[in-house]
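Enquirer: I have a structure I would like to understand better, so I am pasting it below and will then ask my questions one at a time.
The values are calculated or read from the model by the stated rules, or taken from the named source; none is laboratory data. Everything numeric in this text was worked out from a predicted model, so none of it was measured. Neighbour counts are summed over all protein chains in view; Cβ atoms, including those assigned to glycine, are modelled from backbone coordinates with ideal geometry.
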Amino acid sequence: MTRSSEGRGAASERAPLPRVVSRPASGGVLLFAPHADDDIIGPGGTAHHHVQQGDEVHVVVVYDGVAGDPEGRFDEAELRLVRQREARAGGRHLGLSDYEFWDYPEGHDPGREEFGAAVERVASCVREHAPATVYAPWVGEHHIDHHVLARVVRAALKRAQFDGQAWGYEVWTPLVPTLIVDITEVYELKVAALKEHATQLEYTDHVHKALGMQAQRSLYLPGPARWGEAFAPLGAPASEDLAWLA
């Protein structure tokens, strides 16, 4: 086995190396997060790079987040508000201030009518903000809410005739990366942002568990870089997800 001069392994047609960048492409951003904290865990460092570049970043948190309290420590209505406050507090560490909360119920695969209505809503949001780049979870995520949101966004982008870049990001489930963004210089800000989500950290050490993948992604990065965020094209919608358009 040979290794490249940068120590990142020899590329092959079977498994080409991802493209590595220190900054994302410039332009307005629409970031779809299934739950409050996914905007930080997945593309938070990249979103901060966008802010540093002067790009407008609008974050849509799609689900209400009440399933994030399995022991029932909070009243559901109270928890919705607490998680929204946590999201805004976390976002401030990364320069994110433009948040929208849709409060969809969690944990189910929507029927055709509900799916179609969600596609229309996302498509309308895309038309309103006219972003250059859209971020959403990648479709292979194990979590049902993440997977469904990926499907909805893919169908909505087709519906809206979106012609910009659409990237899938990882939270629970590793993807095969096409793009790695170096977030080494902003990683501590990302950790500080995630620590604002106290309701979730009571149950899971997301700093260790969820951000661990981003240490592994530094294998693709040059020299002393230690943290990277991985992305893959969001892709085209499945035919069954477009059936409601017929």
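Enquirer: Identify all residues within region 206-243 that are among the charged types (D, E, K, R) and within 14 Å of the chain's Cα centre (by Cα); write none if there are none. So that I can check it myself, show each step before the final result.
Expert: At the first step, the residues of region 206-243 found to be among the charged types (D, E, K, R) are 209, 217, 226, 229, 240-241.
The one that is among the charged types (D, E, K, R) and within 14 Å of the chain's Cα centre (by Cα): Glu229.
Enquirer: While we're here: May I ask you to list pairs of residues, at least six apart or on different chains, whose Cβ atoms are under 7 Å apart, with the first in region 197-218 being acidic (Asp, Glu) and the second being crowded, with 20+ Cβ neighbours inside 10 Å and modelled with pLDDT of 90 or more?
Expert: none
Enquirer: Is at least one residue of region 143-163 over 16 Å from Pro233 (Cα atoms), modelled with pLDDT of 95 or more, part of a helix (DSSP H, G or I) and in contact with a strand residue (DSSP E or B) (Cβ under 7 Å, 6 or more places away or on another chain)?
Expert: Within region 143-163, one or more residues are over 16 Å from Pro233 (Cα atoms), modelled with pLDDT of 95 or more, part of a helix (DSSP H, G or I) and in contact with a strand residue (DSSP E or B) (Cβ under 7 Å, 6 or more places away or on another chain).
Enquirer: A further question follows. Sort through Asp163, Asp241 and tell me the only one that's acidic (Asp, Glu) and within 23 Å of Gly140 (Cβ to Cβ).
Expert: The unique qualifying residue is Asp241.
Enquirer: With the condition kept exactly as written, say whether any residue in region 99-108 is without any contact (Cβ under 8 Å) to a residue 60 or more places away in the chain, over 23 Å from Phe162 (Cβ atoms) and buried (at least 18 other Cβ atoms within 10 Å of the Cβ).
Expert: So far as region 99-108 goes, no, none of its residues is without any contact (Cβ under 8 Å) to a residue 60 or more places away in the chain, over 23 Å from Phe162 (Cβ atoms) and buried (at least 18 other Cβ atoms within 10 Å of the Cβ).
Enquirer: Looking at this structure, is Gly45 closer than 26 Å to Gln214 by Cβ, more than 17 Å from the chain's Cα centre (by Cα), surrounded by 18 or more Cβ atoms within 10 Å (Cβ to Cβ) and of a type outside the set (Ser, Thr, Tyr)?
Expert: For Gly45, the condition - closer than 26 Å to Gln214 by Cβ, more than 17 Å from the chain's Cα centre (by Cα), surrounded by 18 or more Cβ atoms within 10 Å (Cβ to Cβ) and of a type outside the set (Ser, Thr, Tyr) - is not met.
Enquirer: Can I ask one more? When you go through (1) more than 17 Å from the chain's Cα centre (by Cα); (2) small (Gly, Ala, Ser); (3) under 24 Å from Asp98 (Cβ atoms); (4) at pLDDT 95 or above one by one for Ala198, which number turns out not to apply?
Expert: (4)
Enquirer: Arg88 passes all but one of (1) closer than 26 Å to Gly54 by Cβ; (2) assigned to a loop (DSSP other than H, G, I, E, B); (3) not small (Gly, Ala, Ser); which number fails?
Expert: Here Arg88 meets the rest and fails (2).
Enquirer: Which residues, counting only those in region 115-127, are in contact with a strand residue (DSSP E or B) (Cβ under 9 Å, 6 or more places away or on another chain) and surrounded by fewer than 19 Cβ atoms within 10 Å (Cβ to Cβ)?
Expert: Matches in region 115-127: Arg121 only.
Enquirer: Considering every residue within region 163-170, establish whether at least one is among the acidic types (Asp, Glu), closer than 30 Å to Glu120 by Cα and more than 17 Å from the chain's Cα centre (by Cα).
Expert: So far as region 163-170 goes, yes, one or more of its residues are among the acidic types (Asp, Glu), closer than 30 Å to Glu120 by Cα and more than 17 Å from the chain's Cα centre (by Cα).
Enquirer: Further question on the same structure: What number goes with the only condition from (1) in contact with an Asp or Glu (Cβ under 9 Å, 6 or more places away or on another chain); (2) crowded, with 21+ Cβ neighbours inside 10 Å that Ser218 does not pass?
Expert: (2)
Enquirer: Go through region 1-42 and report how many residues are loosely packed, with under 14 Cβ neighbours inside 10 Å and either at pLDDT below 70 or within 27 Å of Ala156 (Cα to Cα) (or both).
Expert: Selection size over region 1-42: 13.
Enquirer: Now, a different point. Tally the residues that are in a loop (DSSP other than H, G, I, E, B), surrounded by 15 or more Cβ atoms within 10 Å (Cβ to Cβ) and either at pLDDT 95 or above or out of contact with any His (no Cβ under 6 Å at 6 or more places or on another chain) (or both), restricting the search to region 58-85. Working first, answer last.
Expert: Just the residues of region 58-85 that are in a loop (DSSP other than H, G, I, E, B), to begin with: 64-65, 69-75.
Going one step further and asking which of them are surrounded by 15 or more Cβ atoms within 10 Å (Cβ to Cβ), we end up with 64-65, 69, 74.
Then drop every residue that is not either at pLDDT 95 or above or out of contact with any His (no Cβ under 6 Å at 6 or more places or on another chain) (or both), which leaves 64, 69, 74.
Total satisfying the criteria: 3.
Enquirer: Now for a separate question. When you look at Ala225, is it outside any helix (DSSP H, G or I) and closer than 30 Å to Ala123 by Cβ, yes or no?
Expert: Taking the combined requirement at face value, the residue does not satisfy it.
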